[in-house]
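Below is one structure; the comments refer to it alone.
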Amino acid sequence: MRELVVLGTSSQVPTRERNHNGYLLRWDGQGLLFDPGEGTQRQMILAGVPSSAVTRICLTHVHGDHTFGLPGVLSRLSLDGVEHPVDLHYPASGDAVVRALVALARPGADLRLHPHGAAGEVAPGLVVEPLAHRVETYGYRLVEPDGRSLVPARLDAAGVRGADVGTLVRDGRWGGVTLDDVSVPRPGQGFAFVMDTAPCAGAEALAQDVDLLVAEATYADEDAALAREHRHLTAGQAGALAGAAGVGELVLTHFSSRYPDVGPLVEQARRAAAGSRRAGGTRVRAVDDLDRVRLPPRRRLV
Ligand SMILES: [Zn+2]
């Protein structure tokens, strides 16, 4: 199963409706917890997510609204006796902050620290790229390997049916029929997480062709001067990023508490994403706490 469980959606300060940041990406057997802000442990309970679902924690940067939930979540892993290792990724310059937060937690979790200081692959299929914020910040991109999709009409024409289909997939051929004869390339499904940044090349690289992009939209377009000053995206900039990158679905979050209604931000992002490079266009939505977003279908090669 692949889905995004939204734990919190507010930037800087929580509101009555929105908790600080926090997102759990369920990706087959993995659970990637992104940017756990204050209150994440309780949000997980409200979302029905057990601590054992977390296998990897990814921090974009060490500002409090993205990290203060760490001691609580780690303590809970320990209390619950979770035995599997949990990998923690974060920018290397935040090492002292991360170690201080980890030191506050109840010991016992099998936590493995992985600081990164440059773009690259930090775990199988998981890549980081630098973003442009006020402290060292990296976004994340998770992509499955490309595969092939069987074409039923071609299987029929080649006379491959029943258990023989399994043999063909496993061995790459069945009699004189090869897998390539009866299938088409299938791009791997992709997810990207772009948080706390001014528009930059790193964000573009992360978002390229992914099926689901979670992006901050801290400010409305009319507050672009504030976004520039604090090095954040406006809703329109998030939409433009997603459209140019050919994203399947853009999820807007990390809203400033100054916008009780984020509807206008969604409209701004939609307008900016119109004319998307993606066949069929880029869908745009805002999320609320405890929303669940299924991974949209894979990109089709045309
Ligand atoms: Zn933030």
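Which net charge results when you count Lys and Arg as +1 and Asp and Glu as -1 among the other residues whose beta-carbon is under 10 Å from that of LEU88? All intermediate terms of the calculation are to be shown ahead of the outcome.
On the way: positive: ARG56, ARG112; negative: ASP87.
Summing Lys/Arg as +1 and Asp/Glu as -1 gives +1.
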- Note on the structure: Connecting every pair of Cα atoms under 10 Å apart in the chain and solving the GNM, the largest mean-square fluctuation among LEU113, LEU179, LEU59 falls on LEU179
- Query: Across the stretch 232-243, in residue order, what do the Karplus-derived ³J(HN,Hα) couplings come to in whole Hz, using 6.51 cos²θ - 1.76 cosθ + 1.60 with θ = phi - 60° and x for Gly and Pro?
  - Reply: 10, 8, 8, 4, x, 5, 5, x, 5, 4, 5, x
- Task: Would you pull out the residues with amide H under 5 Å of LEU111's amide H, same chain only if 5 or more places away, H placed 1.01 Å from N?
- Result: VAL86
- If you find the alpha carbon centre of the stretch 260-277 and of the stretch 134-164, how far apart are they in angstrom? 30 Å
- Task: Return the long-range amide H neighbours of ILE57 (sequence gap of 5 or more, or a different chain), with a cut-off of under 5 Å between placed amide H atoms.
- Result: LEU33, ASP87, LEU88, HIS89
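Checking the a/c ratio against 1.5 first, then a/b against b/c, what shape does the Cα gyration tensor give for the chain?
Verdict is oblate for the chain.
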- Message: Compute the distance from the alpha-carbon center of the stretch 17-62 to that of the stretch 196-220, in whole Å.
- Response: 19 Å
- the stretch 203-211 - phi-based ³J(HN,Hα) in whole Hz, Karplus 6.51/-1.76/1.60, Gly and Pro as x: 4, 5, 5, 5, 7, 3, 6, 6, 7
- Item | J(HN,Hα) series, the stretch 27-41, from Karplus relation 6.51 cos²θ - 1.76 cosθ + 1.60, nearest Hz, glycine and proline x | 9, 6, x, 8, x, 9, 9, 9, 6, x, x, 3, x, 4, 4
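No value in this document is a laboratory result; all are computed from the given coordinates. Keep in mind it's a predicted model, so treat the numbers as computed, not measured. Every residue, glycine among them, receives a Cβ derived from its backbone with ideal geometry; neighbour counts consider all protein chains shown.
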